[in-house]
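J.: Let me give you the structure first, and then I'll get to my questions.
Laboratory data are not the source of any read-out in this text; all were calculated from the coordinates shown. Remember, predicted model here, so these are calculated numbers, not experimental data. Cβ placement follows ideal geometry from the backbone for every residue including glycine, while neighbour counts extend to all protein chains displayed.
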Amino acid sequence: MDILSSAVSALLGGWTLPAALAGVVWGILGGALPGLSPSVAMALLLPLTYGMDPTAALTMLAAVYVGAEYGGSIPAILIRTPGTNAAAATTIDGYELARQGRAGEALGISLMAGFVGGLFGLILLTIATEPMAAVALAFTPPAYCALGILGLSVIASLSGKSLIKGLISGILGLMIATVGTDPVSGVSRFTGGSPDLLGGIRPILVMVGLFAVTEMLSQISTPAWDKASSRDTRLKLPSFKMWKRLWKSQVIGCTIGTFEGLTPGGGGSIAAFLSYNEARRWSSHPEEFGKGSIEGVAAPECANNVVTATALIPMLSFGIPGSNSAAVLLAGFLLHGLIPGPMLFQKAPDVVYGLYGGLFAANILMVLVGLVILTPCIWLVNRPKPYLIAFILAIVVSGVYATDASLSDLWLVLIMGVVGYGMRWLGIPTLPMVLGAVLGFLVESNYRRSLVLARGDHSIFIQDPVSLGLLLAAVALTAYSVWSEFIKPARKLKNA
Amino acid sequence: MTLSRDDFLGLGVMVLAAAYWAAAAQIPVSLLSDAVGADGAPKMLAIALAVCGALLVVATRLKPVPAGDGEDEADPAVRRRTNLRAAGLVAGLGAYAVLLPILGYPLALALLIGGVAVYGGARLSPTLVAIAAIGGLAFWLFFAKFLGVMLPLGTWMP
């Protein structure tokens, strides 16, 4: 009851509600700009929060996180450019739906699935922080390594028609992740002496190149599309009938998002890809996945938005920032003299519960802002193709350059665009490469840390129960994917 | 025996794996190094990549692997023209990256918007020039003034 009354009074009494609105609008904008990550969007606002009331300040930062994680799906669906790492999985079916003239439907599903995921995560955050925080502490380096491997096990089902080509793509992605400073010894690897590469290649640059630039290279020489009808340019929220079809993918998204959010470092990307994979496996229409499945949009978006709330559980309970965004939020707490950890709930319950209220408002505001801006967004992408390509590229080059003011990033994105174009021509799927680039560092650094802890003994990976469970899940997932994607259809073909 | 595109791909992947291994072997050994070493994971990846390349060649020999998206089934002349168009856009983007510090962000971006639109099929007209100029200015105002990003104004500006 204390929680509810504190949350309501925070919402009604002060600047929390306007702060949440400003945060959501800024977050959606930041998330929608390729290259500008949620954490950067939050960090840009951090100095502004200094003089604000702590509840309003922290609500604004958390609302940016909520808005940005959602905002990443808008360009993912409309222009095949994930605004954030976690939106990469949404690109697969979201963009296919947009190509079929169903952009409004895809955006409506992503908005409402994100809302459901956000609320679900918030409920967990409010009522189950204490018991669920224990999960975060159970994660040791071997478990993190196993978690990364579980994420990589999705490669088999993202491989399209050729498993070997999918594996090649995944390995190339892992190779990209090895560029930069070695996580254990600190020596530089594959940097060619360039200081710009010492920090590694950010996965978002790989994605922007592989998705956006590659798509524009393909589009530039194909005929202009037909003018969209007015029906195609309107946002379409899911109907009751559609909800009935989406419930399973939402449950999958909520479950996986909860688990991934609790594990610091897990993050929305793994949650989104695993949810997509599981939604496909449990769907009554698995054949639609990759060709414009509504469940393929709902599952990753739901998971992605659950993570925005559940990722706060280890941060608030132990002061462990599990992601860059959580680290910026942690900085916001410290800026106001609040130290996250078990004592936070005793020392400043009004701030914590006010933050919960602010997050609730942020999720509702996300839907309202989405309702206002999405139809104009769809209208924008239906402008004459030459102008659209020109402005998409302008957004891409500006967003990429703006993050670090680095020309190297621009060149890198251009190179990845050419690589993506070549991969398309050769029939190599690009998604496994993205997955490899996202998860490579997590897997390698924790693999080696584990071996340092165990003095080189690999049995640490099976002695740790969490690690063992995750590795078994990875093996089962890979075996099932290989069987259902390749062996089963081959047998069917043989028997026919 | 004629070699298919997947044969070339498999062989190319093996060459890439060898080059990556050679580069990994050049990584200096640190006193802080662990048992795996900074070159451990890259070498493992090189082996895995080489194995995949070999498997692709073998699989192609045994049974032709179906191509990716069917785009390759296009007429070679059309395909060549498409690739040349894409190469032209790459050149345009490369020119933008080269000219950005010299011309400055607003002008370089306006040229990029206008150039790509014309390349994409838009007619060169005063409207297009105006759209490109307004686009360059609007993006500069947003990123430089609103977000506070340091953007180059060009060597020609006083």
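J.: Please order A:Ile123, A:Ile149, A:Ile270 by the number of other Cβ within 10 Å, starting at the fewest.
T.: Numbers: A:Ile123 13, A:Ile149 22, A:Ile270 29.
Listed from fewest to most nearby Cβ atoms, that is A:Ile123, A:Ile149, A:Ile270.
J.: Then there is this: Could you give each residue of segment A:471-476 its phi-based ³J(HN,Hα) in whole Hz, using Karplus coefficients 6.51, -1.76, 1.60 with θ = phi - 60°, and x for Gly or Pro?
T.: Going residue by residue, I get 5, 4, 4, 5, 5, 4 Hz, with x marking Gly and Pro.
J.: What distance in nm separates the simple spin-label points at A:Lys492 and A:Leu407, each placed 7 Å from Cα in the Cβ direction?
T.: In this crude label model, A:Lys492 to A:Leu407 measures out at 5.3 nm.
J.: If eta is 1.567 mPa s and T is 4 °C, what Stokes-Einstein diffusion coefficient results for segment A:137-221, Kirkwood Rh from Cα pairs, in µm²/s?
T.: Roughly 85 µm²/s, to the nearest whole number.
J.: Now for a separate question. Going down the table (A:Lys244/A:Lys494; A:Lys291/A:Lys385; A:Lys347/B:Lys145; A:Lys244/A:Lys291; A:Lys241/A:Lys291), which pairs top 30 Å between alpha carbons? Provide the component values of the computation, followed by the final result.
T.: Numbers: A:Lys244/A:Lys494 36 Å; A:Lys291/A:Lys385 22 Å; A:Lys347/B:Lys145 40 Å; A:Lys244/A:Lys291 20 Å; A:Lys241/A:Lys291 21 Å.
Where the Cα-Cα span goes over 30 Å, the pairs concerned are A:Lys244/A:Lys494; A:Lys347/B:Lys145.
J.: Under a straight-distance cross-link criterion of Cα-Cα below 19 Å, which lysines are reachable from A:Lys492, leaving out those fewer than 8 residues away in the same chain?
T.: Hits, sequence-local ones excluded: A:Lys161, B:Lys63.
J.: Further, regarding this structure: For segment A:419-458, what Kirkwood radius comes out of the mean inverse Cα-Cα distance, in Å? Intermediate results must be reported in sequence, preceding the final value.
T.: Working: mean 1/r = 0.0829 Å⁻¹.
Computed over segment A:419-458, the radius equals 12.1 Å.
J.: So what is the diffusion coefficient of segment B:75-146 in µm² per second by Stokes-Einstein at 4 °C and 1.567 mPa s, using a Kirkwood Rh over Cα pairs?
T.: The diffusion coefficient I find is 98 µm²/s.
J.: Which values, in whole Å and largest first, are the semi-axes of the equivalent ellipsoid of segment A:1-152 obtained as the square root of 5 times each eigenvalue of the Cα gyration tensor? Let's see the in-between values first.
T.: Values: eigenvalues 155, 102, 52 Å².
Here the semi-axes work out to 28, 23, 16 Å.
J.: Residue-wise, which Karplus ³J(HN,Hα) couplings in Hz belong to segment A:44-53, taking 6.51 cos²θ - 1.76 cosθ + 1.60, θ = phi - 60°, and x for glycine or proline?
T.: Working through the residues one at a time gives 5, 8, 3, x, 5, 7, 4, x, 8, 4 Hz.
J.: Also, quick follow-up: For q values of 0.18 Å⁻¹, compute log₁₀ I(q)/I(0) with the Debye formula on a Cα-only model of chain B, without solvent.
T.: Calculated log10 I(q)/I(0) at the listed q: -1.00.
J.: For a bin width of 5 Å, list the pair-distance distribution of segment A:308-382 built from all Cα-Cα distances, rounded to whole %.
T.: Whole-percent P(r) values from 0 Å outward: 4, 14, 20, 20, 13, 9, 8, 6, 4, 2, 0.
J.: From the helices alone, meaning DSSP H stretches of at least four residues, give me the mean residue ellipticity at 222 nm for the protein assembly as shown, per-run term -39500 (n - 2.57), in deg cm²/dmol to the nearest 500. It would help to have the intermediate numbers written out before the result.
T.: Values: 31 runs with 456 residues, N = 654.
Taken over the protein assembly as shown, the calculation gives -22500 deg cm²/dmol.
J.: Sequence-distant or interchain residues sharing an amide H contact under 5 Å with B:Val149, placed H: which?
T.: B:Ala144
J.: Rounded to a whole number of µm²/s, how large is the Stokes-Einstein D of segment B:5-71 at 20 °C and 1.002 mPa s, given Rh as the Kirkwood radius over C-alpha pairs?
T.: Working: Rh = 13.4 Å.
For these conditions, the coefficient is 160 µm²/s.
J.: Residues of segment B:93-120 with amide nitrogen under 18 Å from the 7 Å Cα-to-Cβ point of B:Leu84?
T.: What the label zone holds, given the 18 Å backbone N cut-off, is B:119-120.
J.: Report, to one decimal in Å, the Kirkwood hydrodynamic radius for segment A:350-496 based on all distinct Cα pairs.
T.: The answer is 21.5 Å.
J.: If you don't mind, there's one more thing I want to ask. Give the order of A:Thr55, A:Thr222 when sorted by the count of other beta carbons within 10 angstrom, beginning with the fewest. List each step's numbers first, then the result.
T.: Working: A:Thr55 28, A:Thr222 10.
Ranking A:Thr55, A:Thr222 by Cβ neighbours within 10 Å, fewest first, gives A:Thr222, A:Thr55.
J.: Would you kindly derive the ³J(HN,Hα) couplings of segment B:95-110 from the backbone phi angles with the Karplus curve 6.51 cos²θ - 1.76 cosθ + 1.60 (θ = phi - 60°), listing them in order in whole Hz, with x for Gly and Pro?
T.: 4, 4, 4, 6, 7, 3, x, 7, 7, x, 5, x, 5, 4, 5, 4
J.: Per 20 Å bin from zero, what fraction in whole % of the C-alpha pairs of chain A is there, up to the bin with the longest pair?
T.: All Cα pairs, binned at 20 Å, distribute as 24, 59, 16, 0 percent.
J.: Starting from the amide H of A:Ser188, placed 1.01 Å from N in the peptide plane, find each other amide H under 5 Å away whose residue is 5 or more places distant or on another chain.
T.: Here A:Asp182 satisfy the definition.
J.: While we're looking at this one, here's another question. For segment A:64-118, max minus min Cα coordinate along each principal axis, in Å, sorted largest first?
T.: Answer, in whole Å and largest first: 30, 20, 14 Å.
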